[in-house]
Amino acid sequence: MPVAWPDKEDNELLALVQDGSHPAFATLVERHTDRFYRLAFRYLQNREAAEDVVQDAFLKLWEDPGKWQPDKNNKFTTWFYRVVVNLCLDWQKRKRPLQLNEDMPLIDERETAEQAMLRREEQRILEREIAALPERQRSALNLCFDAGISNQDAADVMRINLKALQSLLMRAKTTLKQRMKSYL
Amino acid sequence: MDRNDDQKLDSMLHSRRSQAASSDLAARIIHKAQAVPQIQRFFLWQSLRQLFIELHLPKPGYVLAIALVLGMFLGFSTAPQYFSTTNSDGASAQSFLADDEGLL
């Protein structure tokens with residue numbers, strides 16, 4: 001699908017969305033769907049659930065674009081990351097925990113079968129341990145280790161300062177190091 | 001050792017497995033949005049602005065100020081006619097009162 005206004009800033013597109021412009025909304029969706037999906041997937045570890053959350057977030061934005069107020073929020077993506085994180089947390093509270101998809105492809109295709117199996121097990125334990133972390137530590141990890149988001153942006157999403165974010169990250173990593181000792 | 005653990009953990013966190021979204025996810029969202037009506041929030045100032053835009057009037061603030069000044073000007077300039085005692089209504093009222101006083 002062709003993007004209507006590839007050169008327009010997010011804020012300009014949102015102003016048009018507030019006036020009911022579908023092409024502006026489509027441009028925003030095309031531009032940002034993947035990044036928000038990646039974050040939702042980090043939380044939910046399930047493709048369908050992550051897609052549902054991202055779809056829900058965008059439809060809420062379309063339905064009531066007045067919720068976005070540029071004066072109060074510096075960046076659309078920071079605000080929308082927060083929306084997606086909140087929806088993921090709500091989703092986790094409402095639904096039963098999801099089973100990790102065992103058929104999920106591994107990133108490195110050159111591994112041997114044995115290496116791949118070991119890595120799969122390692123990843124499964126890692127995801128389990130991350131899911132067991134306190135909510136804020138988990139959010140800090142998911143935001144910071146998701147490609148394309150800086151620590152400062154992650155801190156803004158969580159409405160905390162950079163030092164507090166770093167402290168959450170350190171505590172999360174200390175816990176993970178203890179629990180993943182046999183894999184390190 | 002601890003430094004190695006840190007590096008290994010960071011590497012594991014960076015290479016967390018992921019599954020790509022469906023290729024039509026964005027298209028699905030865009031398509032669904034077409035069936036969802038937008039909530040219209042009512043803001044007085046925005047509504048006024050919209051009204052002025054539709055009426056092709058420039059800058060609602062200026063137009064309101066000009067309308068106010070014009071209104072005051074017209075109001076002050078036309079007021080004497082209504083309160084004048086020289087018109088026919090005023091004259092008939094005066095003659096009526098005069099008749100009343102005659103009875104006393």
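The values are calculated or read from the model by the stated rules, or taken from the named source; none is laboratory data. Everything numeric here is computed off the predicted structure, so don't read it as measured data. Glycine gets a Cβ as well: all are built from the backbone with ideal geometry, and neighbour counts include every protein chain shown.
Tell me whether the stretch A:102-113 contains one or more residues that are modelled with pLDDT of 85 or more, charged (D, E, K, R) and at negative phi. Within the stretch A:102-113, not a single residue is modelled with pLDDT of 85 or more, charged (D, E, K, R) and at negative phi. The residue of the stretch A:37-54 that is farthest from the other protein chains (Cβ to nearest Cβ), among those that are closer than 13 Å to B:Ala26 by Cα and surrounded by fewer than 24 Cβ atoms within 10 Å (Cβ to Cβ), is A:Asp52. Reported count of residues in the stretch A:140-157, each being within 26 Å of B:Ala20 (Cβ to Cβ) and away from chain B (no Cβ under 14 Å), is 3. Whenever a residue of the stretch A:32-54 is in contact (Cβ under 8 Å) with a residue 60 or more places away in the chain, its partners that are part of a helix (DSSP H, G or I) and surrounded by fewer than 20 Cβ atoms within 10 Å (Cβ to Cβ), lying with C-beta atoms within less than 6 angstrom and at least six residues away or across chains, give the pairs A:Gln45/A:Glu127.
Evaluate the following for A:Ala131: is it modelled with pLDDT under 85 and small (Gly, Ala, Ser)? Against the criterion (modelled with pLDDT under 85 and small (Gly, Ala, Ser)), A:Ala131 does not qualify. Of all the criteria given as (1) at pLDDT below 95; (2) assigned to a helix (DSSP H, G or I), the one not satisfied by A:Asp71 is (2). Scanning the stretch B:2-40 for residues that are modelled with pLDDT of 85 or more, of a type in the set (Ser, Thr, Tyr) and part of a loop (DSSP other than H, G, I, E, B) yields B:Ser22, B:Ser23. Here are A:Leu59, A:Leu39: which of them is at pLDDT 95 or above and either assigned by TED's automatic domain parsing to the domain that holds A:Arg120 or in a helix (DSSP H, G or I) (or both)? Answer to the check: A:Leu59. Whether a residue is touching a residue at least 40 places away in the same chain (Cβ under 8 Å) and not assigned by TED's automatic domain parsing to the domain that holds A:Ala131 was assessed, and A:Trp68 passes this test. Which count do you get for residues in the stretch A:170-184 that are in contact with a Leu (Cβ under 7 Å, 6 or more places away or on another chain) and more than 8 Å from chain B (Cβ to nearest Cβ)? Residues that pass the stated criteria total 2.
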